[in-house]
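Please treat every number below as a calculation from the coordinates, not as lab data. All values reported here derive from a predicted model rather than from experimental measurement. Cβ atoms come from the backbone with ideal geometry, glycine included; neighbour counts cover every protein chain shown.
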Amino acid sequence: MNGLTDSFPTSRSRIPLWLRLIGYELRKSLRGPVVPALCAAFLLLNVFVMLTANAFPLRGEIKMLSGIAEKYGIRTEEPGYTQLQADYRSGMEHLNEIAVEKEGVTYEHAADFWAAQSGKAAGSTASDPTDSTDALPPDPSTVPPSHPSVLSNPTTVLPDSNPQNNGFGVPYTEEELDEFYLTAVMEWYAVTPDTEAFYRNLDVQNYAEFQIGKFGLSGSAADVIREQYAKLDERTEEIVSSGDHGALFFPGPMYKMHSLLFKTMLGFLIFESLLLTVLVTGTIAKYEFEQRTAAVVYATRRGRRTAADKLLASLSASFLLTAGLCAVTLLIFFGIYDYGGLWNAPISSYFNMELDFPYLTWTPLTVRTYLLSALVLIAVVQLIFAALSFVLSGFLKNSYYVFAGFALCYGLFVMLPSIVPRDASFWIYSMFTPFYLILNPHGLFMGAGTLLYEGKEWITLSVWSGMIGFAVLLGLKRFGRQNL
Amino acid sequence: MLNVHQVSKNFGSFQALRSIDLEFANGVYGLLAPNGAGKTTLIKMLATLLFPSEGEITYNGENITAMDARYRNLLGYLPQQFGYYKNDSPQKYLTYIAALKGMSQAEASPRIAELLKLVALEDVAGKKMKKFSGGMIQRVGIAQAMLNDPKILILDEPTAGLDPKERVRFRNLLTSLARDRIVILSTHIVSDVEPIAGEVIMIKDQRILYKDTVDHLCRRIEGRVFETYVEHDEAETFRSRYLSLSEKQESSRLKIRFLHEGEAMPGWTPVMPNLEDLFIYTYRDGQEQEDKEPAK
């Protein structure tokens, strides 16, 4: 009678009893068509989202950008960058040689060449390329950032694969156009704006006041926001000092790759995993009552301790389903979008900025470490959700009620900040819930908006893990003394 | 020895059992009462699915709640509503229950084979149970209860769905098992209990009314059970005056077995009472009570 340490010391099976029992519980939840069908549907949906993303038609450019980062490195202070600028200048010289030969003009930027060709293709008269003020590098203090690159010009017509039918009406060969295109892509990085000045001039406190005004905060709530933005100001200095601000990245305004990966894809993955977690946990926890097998199962030697097996099975199933769904989805995603040279690019890079405020992480995070941290966070959140569903199942009649109960909890916790007074610091802390945390997966680990508190992720997860762990223990104890 | 000491069970304001005292040694015990009288509540307490509101249940002097897994290790239980996993085969299902009962696979495999043969399911051991008849399912239930060779075997309405041949075989099986264990058989079918029960326990008004051997119980109404013949047009009047226990059509008249507590009339033949007579007599006033146990 060793409880969880019971084992079968036989030649036929050396799997410990508790592990076998967890396996039985997993089998109960995963057999039947619902979970596999949902997983397949979610994967199809995720692939559909990837294929219909704005960046999908631009994946060739993304691959090219990634290749440039791979070849020259991502740091502007490193020798590779000097080489990139040299290669870019050489590319421009070659472009102008050919342009003079074929059109009798020169271009200051490769982007101007493409703008001019696009104009011709559209049947309009191209402006004098040397007179184009648009072609000048932007004032770094302007927000949002702009760039003369072909990449940021939505009217750019990209080269056709058939040189005889390239649509430009000029006698450039396919090879020449490909080369000019690469030069234009390199230009994005080679002709960088003064990113350091941009960060130094970033008025973080003004942004804090904007957020305070936007949400109508006052009192201690506003004080906390100001305090956090003051810390973020210091962190901005660190980012500049480390050189992360100028590191190469996919151009944010054009591709919005941070949003695509961390907001859209992780957002879908989080809610899909959540649905699977609650469904599987509800099914496992209430299985004996729904199949009317409770009287047999709970009168065996294992008895009420089967509930602990069910808890472990729920946590395992939630983790495995979340991990599986994330792994397959992200493998497909990175198969489509090449991140080869940019895995170590810092999220806080100027180039990653998509709107009017850069992504500023509280600690130095690269694409790789941000993704891994976000995935760990998602896994822990799903375990918390599984445990919460398990606790709810102790009070609710069947798995449908567990689902409804969880949805109610979710709604209440998401609504909490809207009913809490906005002059108390509790307004900030009311957002420290796993439900709120997963609403903005692209804003994790960074200072932005009002949910910018440094370390909010780990504070939230630690506190909730503790609370849910305690609730689970109480739930198991209660079940042990419950009339069935 | 399994003892029930002054056990009561309340569900909110409803008292399902009141101050029950019982003692079980090895042998077959028939727990007899109409549906809703509290049989299942008592059985569930013996199976540790319900906890007494007052009093305690002990096995060899030790509280069964405190014994926890040690007690349940001695227990085999077939609930009234036997649930099963319809997509499992009996083999798979019994393997799972054996694991819950802490049996190693080496122990479980031969035991499962033995029990499947005993309940005549060896030919369908690998078939999914969703295609099984009620009787076949009930036999799976009996097999799972006996998996761990329990010292205390509690069976709640075990013969439901069994055909007459299976019932006889099942009764014989229980008789052989009862030599060295406690077998508690809860039923409202008197004929299941009468031939095999060493003692019969009858519950009425949430209390134990009788606990005695079948013979002793039947003697309680000795001299009060008669048989007579009545014409069809007199039958209704007869039933309104006497408690009819059973009726049988014989030629143009009805042969009525009935209970009367006064002097015998001419034409009445006194007969030996049986347990069914006592059952009908005992519960003559009672409508079947609704099960007041809160729905789960």
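Odds and ends about this structure:
- Residue order, fewest to most beta carbons within 10 Å, for A:TYR436, A:TYR337: A:TYR436, A:TYR337
- FRET efficiency, 1/(1 + (r/R0)^6) with R0 22 Å, evaluated for A:ASN54 and A:GLU175 via beta carbons: 0.15
- Whichever aspartates and glutamates have a C-alpha closer than 13 Å to that of A:LYS71, once near sequence neighbours (fewer than 8 apart) are set aside: A:ASP87
- Residue-count net charge about A:SER241 - beta-carbon cut-off 12 Å; Lys, Arg +1, Asp, Glu -1: -4
- Taking every DSSP beta bridge that has both ends in the range B:223-271, the antiparallel portion is near 100%.
- Electrostatic tally near A:THR173: other residues with Cβ closer than 11 Å to its Cβ, Lys and Arg +1, Asp and Glu -1, net -4.
- The range B:75-155: C-alpha gyration tensor shape, a/c 1.5 cut-off, then a/b vs b/c: oblate
- Rounded to 5, the percent of DSSP beta bridges in chain B classed as antiparallel: 65
- For A:LEU444, net neighbour charge (Lys/Arg +1, Asp/Glu -1) across residues whose Cβ lies under 10 Å away: 0
- Proximal lysines to A:LYS231, defined as alpha-carbon separation beneath 18 angstrom and excluding residues fewer than eight positions away on the same chain: A:LYS456
- Estimated at 0.36 nm per residue, the fully extended path between B:THR269 and B:ARG179 surpasses their Cα-Cα distance by 28.5 nm.
- Residue order, fewest to most surrounding Cβ atoms within 10 angstrom, among B:LYS92, B:LYS86: B:LYS86, B:LYS92
- For the range A:293-322 and the range B:71-94, distance of Cα centres in Å: 16
- Within the range B:148-296: Cβ-based charge dipole about Cα centre, in debye rounded to nearest 20 (Lys, Arg +1; Asp, Glu -1): 460
- Comparing Cα centroids, the range B:202-259 and the range A:81-97 end up 114 angstrom apart.
- Candidate aspartates and glutamates for bridging to B:LYS86, where Cα separation is under 16 Å - those fewer than 8 sequence places away on the same chain excluded: A:GLU25, A:GLU288, A:GLU290
- Dividing the Cα radius of gyration of chain A by 2.2 N^0.38 Å, with N the residue count, gives 1.21.
- With both labels modelled 7 Å from their Cα along Cα-to-Cβ, the A:ALA323 to B:ARG220 distance reads 6.3 nm.
- CD proxy at 222 nm, helix term only [per DSSP H run n ≥ 4: -39500 (n - 2.57); per residue of chain A; nearest 500]: -19500 deg cm²/dmol
- Cβ-based charge dipole, the protein assembly as shown, positive-most Cα from B:VAL119, A:ASN46, A:THR450: B:VAL119
- Sum of -39500 (n - 2.57) over DSSP H runs of 4+, divided by residues of chain B (222 nm, nearest 500): -9000 deg cm²/dmol
- Counting only alpha carbon atoms, the long axis of helix A:34-51 and the longest principal axis of chain A meet at about 10°.
- Relative to the Cα centre, the charge distribution of the range B:2-218, modelled as +1 at Lys and Arg Cβ and -1 at Asp and Glu Cβ, gives a dipole magnitude of about 780 debye.
- Note on the range B:19-52 and the range A:411-478: Cα centroid distance 50 Å, given to the nearest whole angstrom.
- For the protein assembly as shown, share of DSSP beta bridges that run antiparallel, in % to the nearest 5: 65
- Evaluated with a Cβ-only charge set (Lys, Arg +1; Asp, Glu -1), chain A carries a dipole of roughly 4980 debye about its Cα centre, given to the nearest 20.
- Full extension of the chain between B:ASP149 and B:ASN172 yields a length gain of 6.6 nm, computed as 0.36 nm times the residue separation minus the alpha carbon distance.
- Helix A:367-393 and the long axis of chain A differ in direction by around 30°, with both axes built from C-alpha atoms.
- Neighbour counting of Cβ atoms within 10 Å sorts the residues B:LYS211, B:LYS39, fewest neighbours leading, into B:LYS211, B:LYS39.
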